[in-house]
Amino acid sequence: MNFKKASRLCIIWSVFVFVALFIFFTVVNPLTVYDTDDWLYIGQFRRPIPMIGHWNPIKVFPETFMPLMSFFGVRIIQPFIHNYCFSMTLAHGLFGSLILTLYFVEFSLLFYRKKLASLPLSIGYGMLFILLHFITYIHGGSNNIFLIWAQDLTCFYNYTLAAALNASLVMRAISMGGMSEMFKKSSVIGKVVCIFWIYFAIFSNLYSSIVLAAYIGTELLVDLIALLKKREFKLLEYCKGKYFELLIIICWFVSNYMETTGGRAGDLGKNTFGNIPVTVLYTLANFITINVFITFFGITVGFLWIRKNRNIRTAVIKFIVAFALLIIYLVLLSATADPHYIYRAEVVIGILFYIFMALIACFNELLSANKKNAWLLLILSGTIVLMFVNPGKLFFAYNNSNISYKQCEALMDDFIEQFKTAEEKGYEEVSLIVPAYDVIYNWPIADFAGDNIAIALYNHKIIDYPIKVKEIVPSRTKNQQLGINEFDLEENLQKVYY
């Protein structure tokens, strides 16, 4: 296929993925502002640099782009549609679609650039990659989570998009022959983009940046061992040849240190080693809960591939090392923070990214050896049977109560109405009436959420002057008015995480 045809096909594939994702995030399963954290981060900017001692010292990527896209929604989109809630949805859906399009398209390009498959077949593998993300945890016909799901908009930025940003960078580097080669081959503008890409990838989230760090660490470690075996290792030459990768890994270690200085880290790490066994059990449980047909597909492909390949290649060794580094780090990090973290889709996306990449690479080799091996894909079609078990809304909503988008919008409009009423009366403070939840702090609309909501509405020019929230008043009457069940949160989170 000539360059023009290949470029045209890549563009068509990218547009198709973007449009499909945008429809998903704005119509099928809309992103929405809902809980206390969402209100905090849509309305307040941070300096776009890591800050020692800050509550989240290194979360530059999510805490820069989440408020930025919120302001984009308010200033650019809202004047046309006159709907605050949907303006937020469109803005965040646009950004989320862009990042995830980069992630999914880079997967296809990886196979094409490495000459593992033709471009049409590489796009086919890209479709399979996307499909696996959506059917990973399908166990029935309703309320399933998926690998690009997050329990709220904040986590979508903090974990899901951050992981996709890191993973897409890893795939680009692999397809270009390594991180140094990628940087060398880039134009001046490309080098600038590369630097910003690496910067936001590292300073995004520790659970996400390990996807990049595991890859870089493996490249450094495997090359170091090879030189030591040959007795050709010279420190200065090694550092000179690997300066770019070493700089990245040093920055990553610095980000780990900086995160320990933050307010959020104050109460963490008190029982890390005691939590390791529980964390390991949660890790194993997560793999057990994967869609049984994906498990069958993976075991069958793996068995056939191992039987066909007797020799262990460098690429396989690198995958094993990177995957081991990733798992070890995530287990230790989750044991330090909370063992339940390793069970969350937002965290597991980094693990399954590596597994799916290896799985599809093995499948590609089997298909290259014998086209009849395409029958293996039929195993995944068993997922269709699961969808007839308790059918309903197929995917869990992008809010941690699993309420409908209309209910989220009604809740937001109700908040705005209360502030507008106070503004009309000239009040400088208000008691904000919110739905009652039978959860500590009245989460997800916590008893300390008032200022978050007030600041966001003022900064977005929804209200004309600052109004202080004197108190949050949980009301079961408000539950009835908005059709929100006070037990929804606890019940639905148990469905997701247990």
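The values are calculated or read from the model by the stated rules, or taken from the named source; none is laboratory data. Bear in mind that the values here come from a model prediction, so they are computed numbers and not experimental data. Please note: Cβ atoms are built from the backbone with ideal geometry, for glycine as well, and neighbour counts cover all protein chains shown.
Any residue at all in the range 36-47 that's in contact (Cβ under 8 Å) with a residue 24 or more places away in the chain, assigned by TED's automatic domain parsing to the domain that holds R264 and aromatic (F, W, Y)? Yes: one or more hits. Taken together, the criteria place F18 among residues that are part of a helix (DSSP H, G or I), in contact (Cβ under 8 Å) with a residue 40 or more places away in the chain, in contact with a helix residue (DSSP H, G or I) (Cβ under 6 Å, 6 or more places away or on another chain) and farther than 27 Å from P444 by Cα. Scanning the range 21-31 turns up one or more residues that are within 20 Å of W197 (Cβ to Cβ) and of a type outside the set (D, E, K, R). Of all residues in the range 320-336, those that are among the polar types (S, T, N, Q) have Cβ atoms under 7 Å from Cβ atoms of residues that are in a helix (DSSP H, G or I) and buried (at least 22 other Cβ atoms within 10 Å of the Cβ), 6 or more apart or on another chain, in S334/T279; S334/I342.
Of the residues contained in the range 342-365, one or more are found to be assigned to a loop (DSSP other than H, G, I, E, B) and closer than 30 Å to S204 by Cβ.
F146 fulfils the conditions (1) closer than 23 Å to G382 by Cβ; (2) aromatic (F, W, Y); (3) surrounded by 22 or more Cβ atoms within 10 Å (Cβ to Cβ) except for a single criterion, (3).
With respect to the conditions (1) out of contact with any Asp or Glu (no Cβ under 6 Å at 6 or more places or on another chain); (2) more than 27 Å from S122 (Cα to Cα); (3) polar (S, T, N, Q), T154 falls short on a single one, namely (1). Taken over the range 264-282, the criterion of being charged (D, E, K, R) and either closer than 20 Å to I216 by Cα or assigned to a helix (DSSP H, G or I) (or both) is satisfied by R264, D267.
Scanning for something part of a helix (DSSP H, G or I), without any contact (Cβ under 8 Å) to a residue 40 or more places away in the chain and of a type outside the set (S, T, Y), does the range 166-177 turn up at least one residue?
Within the range 166-177, not a single residue is part of a helix (DSSP H, G or I), without any contact (Cβ under 8 Å) to a residue 40 or more places away in the chain and of a type outside the set (S, T, Y).
Can you find even one residue in the range 313-335 that is more than 26 Å from Y398 (Cα to Cα) and either in contact with a Pro (Cβ under 8 Å, 6 or more places away or on another chain) or not in a helix (DSSP H, G or I) (or both)? The answer is yes, given that some residue of the range 313-335 is more than 26 Å from Y398 (Cα to Cα) and either in contact with a Pro (Cβ under 8 Å, 6 or more places away or on another chain) or not in a helix (DSSP H, G or I) (or both).
Annotation note: Cβ proximity below 7 Å between a residue of the range 112-127 that is without any contact (Cβ under 8 Å) to a residue 24 or more places away in the chain and surrounded by fewer than 17 Cβ atoms within 10 Å (Cβ to Cβ) and a residue that is among the small types (G, A, S) and assigned to a helix (DSSP H, G or I) (sequence gap 6+ or interchain) occurs for no pair.
Could you check how many residues of the range 311-347 are modelled with pLDDT of 95 or more and under 16 Å from the mean Cα position of the chain (by Cα)? Selection size over the range 311-347: 2.
Can you pull out every residue in the range 436-483 that is on the phi > 0 side of the Ramachandran plot and aromatic (F, W, Y)?
Y441
When you scan the range 93-100, do you find a residue that is over 18 Å from the mean Cα position of the chain (by Cα) and more than 16 Å from V15 (Cβ to Cβ), even just one?
No, the range 93-100 has no match at all.
Scanning the range 69-85 for residues that are part of a helix (DSSP H, G or I) and out of contact with any helix residue (DSSP H, G or I) (no Cβ under 7 Å at 6 or more places or on another chain) yields F71, R75, I76, P79, F80. Among the residues of the range 70-87, just one is buried (at least 21 other Cβ atoms within 10 Å of the Cβ) and either at pLDDT below 95 or touching a Leu at 6+ places or on another chain (Cβ under 8 Å) (or both), namely G73.
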